[in-house]
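Please treat every number below as a calculation from the coordinates, not as lab data. Source: prediction; values computed, not measured. Note: ideal-geometry Cβ built from the backbone for every residue, glycine included; neighbour counts use all protein chains shown.
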Amino acid sequence: MWKLFFNIAYVFSFLIIVPSWRYKFRDWTLFGYHEKLRDLLDTCPELRGKKMRLTKGGGSLAFVFDNQYVYRVRKRRFEATEVFPRLERERRITNALRKYCTVAIPDIKIIHGKKFIFYKTTFIPGVMLASLSKKTLNENSDKIANQLAMFLKKLHAANPKSIADLTTKDKNCHWVHSDLCSNILIDPKTFVITGIIDWEWACWANVSMDFHSLYNRRRKMRNTEIPIKTVIKYYE
């Protein structure tokens, strides 16, 4: 859907007579989609000819090839060229925490294009938990809350030495995701959580940050039983 929209909008952009306005439209409204895709294909020519779909969310565009690999790039040009330190930090954190997690989390490889920086991950199937209806979420709240509580217990108990330099000596802190609500993938048929994505804001902090992010980021989630049941299951 997004691929079709961006392609049509790009064609119509030729109707913008003033070149600077046309460039601004492509860069700010279309997030430089075509330029970034060309840079990715020039950098990774083996992707040419593969089936590609486009998704977008938060601050990134995501090129999904054959439902196997995802190549993300920041929407804004200044972020897409200067984001390496943040990506490298996220890569270190996910590599260190993966073995402690009860669900899949991204395995990140950083790709340096000629103009932009991409990060490649294995495709994790599922839909966003927050995209399901309030009724569906409440009907399956016990199963979902159990999985989230188990995931958070394992995550908060982890303290790998390889990322010890990113922590402090504060005993009240643990590794937290800190942006859970919009980044939980789930199988919509079985209601099994398939993955937790977007670890950019993971940090060493109080565990309450994860419970707060699960409850407070989406109005729909606040109106379900999942946040409170997750807390109850977590402390049982």
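The table for this structure:
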read-out: The chain - mean residue ellipticity at 222 nm from DSSP helices (-39,500 (n - 2.57) per run, n ≥ 4, rounded to 500); value: -11500 deg cm²/dmol
read-out: Selection from P106, L30, F78 lying farthest towards where the dipole of the chain points positive, charges on Cβ; value: L30
read-out: Within a Gaussian network of the chain (alpha carbon springs, distance under 10 Å), most fluctuating of T167, T122, T194; value: T167
read-out: Listed residue (L148, G58, N183) projecting farthest to the positive dipole end of the chain, Cβ model; value: G58
read-out: Mean Cα-pair separation over length for segment 49-163, i.e. relative contact order, pairs under 8 Å, 6 or more apart, %; value: 23 percent
read-out: Per-residue ³J(HN,Hα) for segment 125-130, Karplus 6.51 cos²θ - 1.76 cosθ + 1.60, θ = phi - 60°, Hz, x for Gly and Pro; value: x, x, 10, 5, 3, 5
read-out: With 10 Å bins from 0: P(r) over the chain, alpha-carbon pairs, percent; value: 7, 29, 31, 22, 9, 2, 0
read-out: Dipole magnitude of segment 127-235, debye to nearest 20 (Cβ charges: Lys/Arg +1, Asp/Glu -1, about Cα centre); value: 320 debye
read-out: Full-extension gain in nm, I228 to W204, via 0.36 nm per residue minus C-alpha separation; value: 6.4 nm
read-out: Top of V64, V18, V73 by mean-square fluctuation, Gaussian network on the chain, Cα under 10 Å; value: V18
read-out: Highest-MSF residue in the chain out of K120, K56, K171 [GNM, Cα springs under 10 Å]; value: K171
read-out: Only Lys, Arg (+1) and Asp, Glu (-1) charged, at Cβ; the chain dipole about Cα centre in debye; value: 400 debye
read-out: Inter-label distance, nm, simple model (7 Å from Cα along the C-beta direction), M1/S178; value: 3.1 nm
read-out: W21-D170 FRET efficiency (beta carbon distance; Förster radius 35 Å; 0.05 resolution); value: 0.10
